[in-house]
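Asker: Shown below is the structure under consideration.
The values are calculated or read from the model by the stated rules, or taken from the named source; none is laboratory data. Since this is a predicted model, take the numbers as computed values, not measurements. No Cβ is skipped: glycine too gets one built from the backbone with ideal geometry, and neighbour counts run over all protein chains shown. Remember, those area values only see protein heavy atoms, side chains included, never the ligands or the DNA or RNA. Shrake-Rupley method; radii C 1.70, N 1.55, O 1.52, S 1.80 Å.
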Amino acid sequence: SMFPSLFLDCRHSIAVALVMGVAPEHFLVENVPAFDIPTMWRVLVIAILCAVASMLFCWAMHSGAKLFKKLFKNEFLRAAVGGIVVILLTLLVGTRAYNGGGMDVIERIFEEGVVRPEAFLLKIIFTSITIGAGFKGGEIVPSFFIGATFGCLFGNLTGFEPSLCAAVGMISLFCGVTNCPITSLLISFELFGYDGMPYFLLAIPFSYMLSGYFGLYRSQKIVYSKYKTSYINKSTH
């Protein structure tokens, strides 16, 4: 598991930010509904869909890198073509919301509870092209972006609390792409507080189990099977 490194990196970053006078991110989840059977089933559906979305994101990231390397052997040409493609896509969609990490978009989701329906898919495309072309950047904040936009979309379509759906989506998709359920749970408390704890406790294990052995990092190894009581020492794909 990547739990020690991811969680300690998070804590160290927060400590440095506090010393520099910068407050850590915290999102307000309003109107958390009572935990009952109907809400439980809705959260399970979000977790299942986010597990599928996490596999799609991982596949796009790995496939994008393979495709660019296959088409453009020269890494400088690869980066130039990737940059041009990102610029053209940005002009096509008419917004720079999908460039960069997108934390401002996540903040607006929790403040306003609205999102463009295609936002999560566009972020997958933009991120996979950018990283695949050789530009260096993070995958974690984009995974938060994808999860938050997907979760908020689900909330708007079903009439379920959008901010809670966004929070569950964020943490479920993060768990799906990193295969780190304990880290995901601790980060959920860090970002959203404890009011939604029953929902996070329900969504995270389902996303972890149903996301298969996909992962953002090929060097990651899962030493214990998600489905049966046996050691497997399997690399993510």
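Asker: Which number in (1) among the β-branched types (V, I, T); (2) modelled with pLDDT under 90; (3) under 18 Å from F135 (Cβ atoms) marks the one condition that I84 misses?
Answerer: (2)
Asker: Quick one: how many residues across segment 190-212 are farther than 19 Å from S54 by Cβ, more than 16 Å from the chain's Cα centre (by Cα) and part of a helix (DSSP H, G or I)?
Answerer: Total satisfying the criteria: 2.
Asker: Tally up the residues in segment 40-63 that are under 21 Å from L201 (Cβ atoms) and open to solvent by 30 Å² or more (accessible area, probe 1.4 Å), please. Break it down into steps so the answer makes sense when it comes.
Answerer: At the first step, the residues of segment 40-63 found to be under 21 Å from L201 (Cβ atoms) are 40-54.
If we keep only those that are open to solvent by 30 Å² or more (accessible area, probe 1.4 Å) too, we end up with 40-42, 45, 48-49, 52.
Residues that pass the stated criteria total 7.
Asker: Check whether at least one residue in segment 170-188 is out of contact with any Phe, Trp or Tyr (no Cβ under 6 Å at 6 or more places or on another chain) and not in a helix (DSSP H, G or I), and report yes or no.
Answerer: Yes, there is a match, as at least one residue in segment 170-188 is out of contact with any Phe, Trp or Tyr (no Cβ under 6 Å at 6 or more places or on another chain) and not in a helix (DSSP H, G or I).
Asker: Oh, and also: Being more than 18 Å from V32 (Cα to Cα), part of a helix (DSSP H, G or I), out of contact with any strand residue (DSSP E or B) (no Cβ under 7 Å at 6 or more places or on another chain) and not hydroxyl-bearing (S, T, Y) narrows it down to one residue among A166, A97, A65; which is it?
Answerer: Values: A166 fails: more than 18 Å from V32 (Cα to Cα); A97 fails: part of a helix (DSSP H, G or I).
The unique qualifying residue is A65.
Asker: Would you pick out the residues in segment 80-134 that are in contact with a helix residue (DSSP H, G or I) (Cβ under 9 Å, 6 or more places away or on another chain) and of a type in the set (G, A, S)?
Answerer: G82, G83, A97, G100, G101, G102, G113, A119, S128, G132, A133, G134
Asker: What are the residues in segment 100-117 that are aliphatic (A, V, I, L, M), assigned to a helix (DSSP H, G or I) and open to solvent by less than 40 Å² (accessible area, probe 1.4 Å), if any?
Answerer: Step one: of segment 100-117, the residues aliphatic (A, V, I, L, M) are 103, 105-106, 109, 114-115.
With the extra rule that they be assigned to a helix (DSSP H, G or I), the set shrinks to 103, 105-106, 109.
Scanning segment 100-117 gives V105, I106, I109.
Asker: For a quick check of your reading of the model, give me the residue pairs whose first member lies in segment 131-142 and is more than 23 Å from M170 (Cβ to Cβ), whose second is open to solvent by 40 Å² or more (accessible area, probe 1.4 Å), with beta-carbon atoms closer than 6 Å and at least 6 apart or on different chains.
Answerer: Partner pairs satisfying both residue conditions: G134/E75.
Asker: Still on this model: Test I125 against the stated conditions and say whether it is open to solvent by 10 Å² or more (accessible area, probe 1.4 Å), in contact (Cβ under 8 Å) with a residue 12 or more places away in the chain and within 21 Å of P205 (Cα to Cα). Write out each step before concluding.
Answerer: Working: open to solvent by 10 Å² or more (accessible area, probe 1.4 Å): yes; in contact (Cβ under 8 Å) with a residue 12 or more places away in the chain: yes; within 21 Å of P205 (Cα to Cα): no.
Spelling it out, it is not the case that I125 is open to solvent by 10 Å² or more (accessible area, probe 1.4 Å), in contact (Cβ under 8 Å) with a residue 12 or more places away in the chain and within 21 Å of P205 (Cα to Cα).
Asker: Please give the number of the condition E190 fails out of (1) surrounded by fewer than 17 Cβ atoms within 10 Å (Cβ to Cβ); (2) farther than 26 Å from P205 by Cβ.
Answerer: (2)
Asker: On the given criteria, is L91 in a helix (DSSP H, G or I), modelled with pLDDT under 95 and either at negative phi or among the aromatic types (F, W, Y) (or both)? Let's see the steps before the verdict.
Answerer: Working: in a helix (DSSP H, G or I): yes; modelled with pLDDT under 95: no; either at negative phi or among the aromatic types (F, W, Y) (or both): yes.
Spelling it out, it is not the case that L91 is in a helix (DSSP H, G or I), modelled with pLDDT under 95 and either at negative phi or among the aromatic types (F, W, Y) (or both).
Asker: Cβ-Cβ below 9 Å, separation at least six or inter-chain, first residue in segment 214-237 and more than 22 Å from E139 (Cβ to Cβ) and at pLDDT below 85, second outside any loop (DSSP other than H, G, I, E, B) and of a type outside the set (S, T, N, Q): which pairs?
Answerer: Final answer for the pair search is Y227/M209; N233/K221; N233/I222; N233/V223; N233/Y224.
Asker: For the condition open to solvent by less than 10 Å² (accessible area, probe 1.4 Å), in a helix (DSSP H, G or I) and closer than 23 Å to L67 by Cβ, what is the one hit in F145, F120? If you could, list the steps in order and put the result at the bottom.
Answerer: Values: F120 fails: open to solvent by less than 10 Å² (accessible area, probe 1.4 Å).
Just one listed residue meets the conditions, F145.
Asker: Which residue, of G155, G215, is outside any helix (DSSP H, G or I) and either closer than 21 Å to N99 by Cβ or open to solvent by less than 10 Å² (accessible area, probe 1.4 Å) (or both)?
Answerer: Numbers: G155 fails: outside any helix (DSSP H, G or I).
Step by step, each of G155, G215 is checked, and only G215 is outside any helix (DSSP H, G or I) and either closer than 21 Å to N99 by Cβ or open to solvent by less than 10 Å² (accessible area, probe 1.4 Å) (or both).
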